[in-house]
Amino acid sequence: MSKTEVSSRVSAVTVYRDRAMITREAKLTLKPGEHSIVFSGLPANLDKNSLQVGSSEDAVLGACMFETEFFTEDVNEQASLLLKKQQDLTDQLLVLELQLHRLDGEKAFIEKIANCVTSPQRLDKESGSKGSSSPDYLNVSLWENLTGFYRNRHSSVDSEKLESNRQIRTIQKELEKLSAELKKLGHRKSRSRDIVRVNIEKQTEGEIVLNLSYAVPGPSWKPVYNLRFSSESDRLLFEYDAMVSQATGENWDNIDLKLSTARTSTSGTLPELDPWRINFLRPPAPASLRSNMPKRKLARPKDELLGMAAPMAEPEEELVAAAIREASVEQAGASVLFRVSGAAGIAGNNNETRVGISRMEFPAEYFYRSVPKLSQFAYRTARFTNSSDFPILPGRANIYHDGSMISNSAFKLIMPEQKSDVSLGVDEGLKVEYRFLKKFRKNEGLINKRTSMQFMYCINIENNTNSEVDLEVFDQFPISQDKEIEVKLILPETGRNDEQVSLDDESKITWNLSLASGEKLELPLTYMVEYPVDRLLTGL
């Protein structure tokens, strides 16, 4: 069986929320017979149990095996390259040192010429010359020429020496680095690499395409949205994108990219209920007794002490990010697969790349909501139905009004045909004020004395917009957790079949209002709390 190591490229990737299925493609020409094909350059953390291999026609696939190949690397060849470079730099250094020596000699020669020309013997000989009206050493132009020659040659020699010294320093630093590298090299080094070996039988000679697929943990994608609406339209423009990131160290260039909503990390095994036990709250022992009691090694959870099973923590919503192309949608069982149109490219340095999934328009109903107790603003809200064929995943959204970004919002999971509300940010055209007015306290009863506390609040609303608006206002009053604590709602009155005011089982009040432009409203809230005079309350 012949062994052939092939070069391959990433051709297709399906990205899940916390991993990716990668497909590598290799093209090669084989003769008839059995062959062992080796894929190298694979990620170190690939899931060995996820290996799959496929091929074009006219081939029979055999075993597909993941192997770690150990080998020793002879570093003599590597060292010889470093030694050759070291010798080249040493030769360059010698040339520069010879050049400095030559420049020093040239500078000394110039000094000798100057001394010879300006020596006293030379000047006396010039002054005693016959047939000359004036000595040559008194000729100004001659001295100017000599001075210029002296200055120019010195300047040129100094510049060449400076440049040679700079090159010498650079070469010396390179030689120091090479010496350190050579010192680190031994004679042989033990190394290893991960490979996948595929056995294949070829029926006829010709080209074959092999596709190797495997899962890698780490790559992920998350949805991100832009919501655009206009004052002149009742439609909501929905831009559904994804941010894709991966840190495999290999760039995914020109690939067939798919994004899956399947949660591969969620267990497929049905969880089992443990017994739910409750008990009385037992007061702690006095300090004098506690010091003599044996210490417990395991502390019970706070919720167990209160007589309730500890609630399971809700999973955090995953929020997500990815160049803008719209994707096609494929159904894959209970999950959805988005196929990004065109060839995608995702960098392998964990930077997020934005890719387009879909652009949709939904008819929307616009109204306002306010929770004055927590925020004295009115929030514009859109109610729409997800009329697409795929779910809108939890994620963050940028809100644009008439082309300008005004706020951020967030989505929970919205399934197809499900109606949902999304907050579109604050509208300061509606003024909301939450006021605490009074608190009364009195003790009543002769035998069973009780304390009564009455609280009075007022919510003021003013519509300063140019049109009539629908507004939902939310507030609440306390819920009693003990039969000896009695809570009574006084205002607003909710027992008159009033469509404007409603009350739910958690003592939350909702006002459904319509305000004309310029209209003002006052919403009163008054409630009373009664409890034994010798007890203290928490939560107020």
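The values are calculated or read from the model by the stated rules, or taken from the named source; none is laboratory data. Note that this is a predicted model, so its numbers are computed, not measured. Neighbour counts run over all protein chains shown; Cβ positions are idealised from the backbone, glycine included.
Observations on the model:
- Residue match in the range 461-483 (condition: surrounded by 11 or more Cβ atoms within 10 Å (Cβ to Cβ), more than 29 Å from ASP421 (Cα to Cα) and of a type in the set (Phe, Trp, Tyr)): no
Listed here are the residues, each with its yes/no results for (1) farther than 29 Å from GLY41 by Cβ; (2) surrounded by fewer than 21 Cβ atoms within 10 Å (Cβ to Cβ); (3) among the hydroxyl-bearing types (Ser, Thr, Tyr); (4) not assigned by TED's automatic domain parsing to the domain that holds LEU30.
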residue: GLU176; (1), (2), (3), (4): yes, yes, no, yes
residue: SER179; (1), (2), (3), (4): yes, yes, yes, yes
residue: GLY206; (1), (2), (3), (4): no, yes, no, no
residue: ALA242; (1), (2), (3), (4): no, no, no, yes
residue: ASN254; (1), (2), (3), (4): no, yes, no, yes
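- Residue pairs meeting the criteria (Cβ under 8 Å; at least 6 apart or on separate chains; first within 14 Å of LYS112 (Cα to Cα), in the range 143-155; second surrounded by 10 or more Cβ atoms within 10 Å (Cβ to Cβ) and among the basic types (Lys, Arg)): HIS154/LYS107
- Qualifying residue in the range 20-33 (condition: of a type in the set (Gly, Ala, Ser), assigned to a strand (DSSP E or B) and more than 27 Å from ASP253 (Cβ to Cβ)): yes
- None of GLY403, GLY429 is within 48 Å of the chain's Cα centre (by Cα) and buried (at least 16 other Cβ atoms within 10 Å of the Cβ) except GLY429.
- Qualifying residue in the range 185-200 (condition: among the acidic types (Asp, Glu) and surrounded by fewer than 16 Cβ atoms within 10 Å (Cβ to Cβ)): no
- For the range 506-517, the criterion of being farther than 22 Å from VAL371 by Cβ and either part of a loop (DSSP other than H, G, I, E, B) or aromatic (Phe, Trp, Tyr) (or both) is met by at least one residue.
- Matching option when the condition is modelled with pLDDT under 80, in a helix (DSSP H, G or I) and touching a Phe, Trp or Tyr at 6+ places or on another chain (Cβ under 7 Å), among GLU126, GLU144: GLU126
- Those strands (runs of 3 or more DSSP E) of the range 334-376 in which 3 or more residues are at pLDDT 90 or above occupy 353-363, 365-370.
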